[in-house]
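Below: the structure, in structure tokens.
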Number of protein chains: 2
Amino acid sequence: MKVIIVGGVAGGASCAARLRRLDEKAEITMVERGPYVSYANCGLPYHVGGTIENEASLLVATEQTFKAVFNVDCRTNCEVVSIEAGKKTVDLKNTNTGEITTESYDKLVLSPGAAPIRPPLPGIDLPGIFSVRTVPDARNIREWLERDIVQSAMNEYSGANTLSKPKKAVVVGGGFIGLEMVENLIHRGLTVTLVEKLDQVMPPLDPEMAKLVKRYMARRGVKIKLGDGVAGFRNTEEGSLEVLTESGKAHKADIVILAIGVRPETALAKLAGLELGQRGGIRVDEQMRTSNPDIFAVGDAVEVKDFVTGEWSLIPLAGPANRQGRIVADVLAGRNSRYRGTQGTSICQIFDATIAQTGASEKVLKRIGDTNFEKIYIYPNSHAGYYPGAKVLATKVIFRKSDGRLLGAQVLGEDGVAKRMDSFSMAIQMGCTIYDLEESELTYAPPYGSAKDPVNFAGMVAADILSGLMPIAHWNDLGDSFLLDVRNPQEIEVEAVPGAVNIPLPQIRSRLGELPVDREILVICRSAQRAYFATRILLQNGFRAKNISGGMMSRSHSIQD
Amino acid sequence: MKVIIVGGVAGGASCAARLRRLDEKAEITMVERGPYVSYANCGLPYHVGGTIENEASLLVATEQTFKAVFNVDCRTNCEVVSIEAGKKTVDLKNTNTGEITTESYDKLVLSPGAAPIRPPLPGIDLPGIFSVRTVPDARNIREWLERDIVQSAMNEYSGANTLSKPKKAVVVGGGFIGLEMVENLIHRGLTVTLVEKLDQVMPPLDPEMAKLVKRYMARRGVKIKLGDGVAGFRNTEEGSLEVLTESGKAHKADIVILAIGVRPETALAKLAGLELGQRGGIRVDEQMRTSNPDIFAVGDAVEVKDFVTGEWSLIPLAGPANRQGRIVADVLAGRNSRYRGTQGTSICQIFDATIAQTGASEKVLKRIGDTNFEKIYIYPNSHAGYYPGAKVLATKVIFRKSDGRLLGAQVLGEDGVAKRMDSFSMAIQMGCTIYDLEESELTYAPPYGSAKDPVNFAGMVAADILSGLMPIAHWNDLGDSFLLDVRNPQEIEVEAVPGAVNIPLPQIRSRLGELPVDREILVICRSAQRAYFATRILLQNGFRAKNISGGMMSRSHSIQD
């Protein structure tokens, strides 16, 4: 069996190594357009920022490793220029020498990845505008940041020009790469403006959760311009750049990072006449087989089934790419492996905080017309409050109204986010309900969690809603209900809800007569716990009451500024 | 309905609060023998150590909270002195005044917890010997540590006695509380000797994993004496203590912490004539009902079904106690809640490291005669190796040979332990197989994990074993097989395996002729990855080969010292 693998990072490299382990006799060729195979592109922003100082650290395995250990004919700087799917041959071009050779294959595996989107805007090719995809990209950015630039601003005393390093960056695009680049450029001492066409950063998040991320970044000094697309770029007279936006603004920049998103690399698939999906990725079956049974595709270039919604999606993530590569190797070796779909688990460091997500967001459910869900906002501590260093975990959990199945979770916090997100991720993979979350037995000691872990707590709150014990309302849908605030007067002095009547929780039982029997009562406190207690008292005394999920904590990011 | 809850911590307090939310009209009395309800006993070691400075921080909810918010008749310093189960009454004694009152109940909930074991050894009641269970215990220990003691050791110049704070501690018992106390006493600047009767610390762990814990603690200066029980205590002439052991040793101590374990408090259950289990805990059904249908019991005093083995067990943990309390409240309110059993998820901080465990250990499986399992040792990085700060996670995973079901996991490391343990815990709860672990989509960005998370990696290694792709052996069962070490000569110079032949991995294919065709070949490398590659090459070339799980990394703690 002769297998040609196109693309030597993540999916391609995983496939090659696994296939060799499964089949010592297979003839395996792995070609990579760039100069490196198996490099850590997820580490590139941190290399730019200097946290990963040595470029060599990013090279997980080299061409030599693949040759010596895996007996793989590994060729870098080697591009596929045509595919004859009928004859089962590919033309390979050595991009150093220009030489073209033709190779036949029994099976072809495409792992071309996704390319950064570079819209054809005026000035997009000006020096100083970079994407972040490859090791050379990172090297070019670092060189640009380390060079001296002429500051033509008047020197107070001499009027002469001075030299300095780049100081101002504009990052275009507020997705994962954009946010990681923002953090890393700030880490290097630059001032950073983030320009994002959408009304929120981090598009996979729901907007009210993204608002927390935006606020956190703004507090760290990032200038964030939402709802304003980039219209073009130009050089200024002082020799730096300007990013021009659709609203007519101009943002000065010594460097511009383009992180608008990625697009599946489908040029090869088109050469091979393969079917593409409606999202523009290569269409594959559960075994990563394309419409041509001898051609497989993996990684960011393919469409995957969203594990929760069942929709075809483009979800470019390293973990899935690696697993898909392994699955193709299995299938080529005659094993019956299948890819289960992608649930979109992702995580991103933002200064001292972490934002993470898994499963379906509310906006995705709304887009597909799914109304069979409820959501909660909770703000538990990352570990026992009596142990120092506990941080609030701003948590949104989405679940099926009809059967309690966990659909999605989004968590932002400065401690313990990954721990909870992995629990939620595992739970979604296994089809857990919120009742399962209630009963989960997770690690607890004071430095790590609470006897009721945030994951348990999410399940308990959700179960109380579905059982009817605790009807809830949300800030964006209050109607003209009676608002009852059960916090202490001191708390209300700090921030009050307009129109809300205050009865502190301990007084509720003795002041029921002050409440309306003919109106729905929405109960408010800081984080919805005391309001829950009050709601229970009211419901059992014949009132119609609902708890506003997340209380004042969710209000701060749920209502319009 | 009149409910009396005996015990106002964890399970009892959870039950009282939940019951009030479910039933506004119930008459709820909660009695607590000690001066505080709802205190954080898990925090006591950290209060002793000073990490939690204020005692008040440990009081999660007060008697007043229970009265004002939950309308619970909450009585501290109130002990049950007799139970008339036939008449459904209890006699309550006010331990301040000695007054005894009789209260009737419709339902009685026992949450008495477990008491530290204090064997009747000579000298056990000497001043300076403490258990760690209650807030007053912690207060007494702190006072003892802060007092001045006379140092009668000759002063070099004057020969006069000097005053100083206690400097030497002996901790008896190497379980969770023992290890937490060791850490916290070291944190306070004491030198600590740990005396444990068993041959290992942390009894729930398998011994080879416990050995890693011991080694880690020893590197931090803890003197650890295993396999030597305590025979008694005595005062020395200088006014300090000595801990005498069964082997005849005497360990000097200015303070002694007894952390030998806990025993379910069953005095009340005996008063009420309730059935006990063979482990000595109160026997309850899935709804936490005792043999008397009007009496429920929760928390450390009851026996629970081990979720994995199905055995009745004593597993004193705060999370289960809290959930059991909620379940009793549900049942009392007519809801059909059931307790699913306990899987023994636990975690403990040891200086900068964390040790955690869930599910069945190898020694428990062996004890119950279960041989349908396999185990692996893996040593993945806590996050991408190219991102600074990655730490090795020493990981043991146990799974069913027949169907791949995950049975247990034990992890030690300095980063990311809780994250992985929660994934394993959730997986065991949901009946995951190792194939599910392979496909799990967990959080990955360079600071948090790897594209193949340690949890995925565990699944992949285990699946390769069960599919026959990678037969494995273990260090404690090598037989007289041929040992092949595929590391580089430089690595072998550092540490060699006696009798092993060295062929570095990249040379294997060209040196197959040097290997025996008639003997089983056990392959060795640092962490079993290169040995896996070599094993695959050998198997496909007709040799009988096995990978030694965990390689040199597991050898360091698997073989006898």
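Observations, loosely collected:
- Cα-centred dipole magnitude for chain A, charges only on beta-carbon of K, R (+1) and D, E (-1), debye, nearest 20: 480
- Using R0 = 56 Å, the C-beta based FRET efficiency linking B:R509 and A:S510 works out to 0.10.
- Pairwise alpha-carbon distances in region A:472-558 exceed 17 Å for 38% of all pairs.
- Each stretch of four or more DSSP H residues adds -39500 (n - 2.57); spread over every residue of chain B, this sum gives -7500 deg cm²/dmol at 222 nm.
- One way to sum up the overall shape of chain A is the equivalent ellipsoid from its Cα gyration tensor, whose semi-axes run 47, 32, 20 Å, largest first.
- Kirkwood radius for region B:352-466, taken over all pairs of different Cα atoms as the inverse mean of 1/r, rounds to 14.0 Å.
- Over all other residues within a Cβ to Cβ distance under 12 Å of A:T65, the charged ones net out to +2, with Lys and Arg as +1 and Asp and Glu as -1.
- Loop-located GluC sites (Glu not before Pro) across region B:20-64 with a Cβ neighbour count of 15 or fewer within 10 Å are B:E24, B:E53, with loop assigned by DSSP.
- A simple count of charges around A:R487, restricted to other residues whose Cβ falls under 11 Å of its Cβ and scoring Lys, Arg +1 and Asp, Glu -1, yields -2.
- Annotation for A:K401, label-to-label distances across the other copies: 5.2 nm (shortest first, one decimal, point 7 Å from Cα along Cα→Cβ).
- Dipole-positive endmost among B:P45, B:I503, A:Q349 within the protein assembly as shown (Cβ charges, Cα centre): B:I503
- Each 10 Å bin, from zero up to the one with the longest distance, holds this percent of the alpha carbon pairs of the protein assembly as shown: 2, 9, 17, 20, 20, 15, 10, 5, 1, 0, 0.
- Net charge over other residues, Cβ less than 11 angstrom from the Cβ of A:L179 (K, R count +1; D, E count -1): -2
- Over 20 Å (Cα to Cα) - which of B:K25/B:K107; A:K223/A:K419; A:K67/B:K452; B:K223/B:K366; A:K2/A:K25; A:K211/A:K249 fall in this group: A:K223/A:K419; A:K67/B:K452; B:K223/B:K366; A:K211/A:K249
- Computed on region B:352-466, with alpha-carbon pairs under 8 angstrom and 6+ residues apart, the relative contact order is 29 percent.
- For region B:186-211 and region A:155-232, distance of Cα centres in Å: 50
- In region A:66-153, the alpha-carbon atoms span a convex hull of 183 Å³ per residue.
- Compactness of region B:129-258, taken as the C-alpha radius of gyration over 2.2 N^0.38 Å, stands at 1.10.
- Principal axis extents of the C-alpha atoms in region B:200-245 (largest first, rounded to whole Å): 40, 22, 12.
- For the residues of B:21-28, the average number of beta carbons from a partner chain within 10 Å of their own beta carbon is 3.
Taken together, the values in this text are just the output of simple stated rules run on the coordinates, not laboratory data. These figures come from a predicted structure and were not determined experimentally. Glycine also receives a Cβ, built like all others from the backbone with ideal geometry; neighbour counts cover every protein chain displayed.
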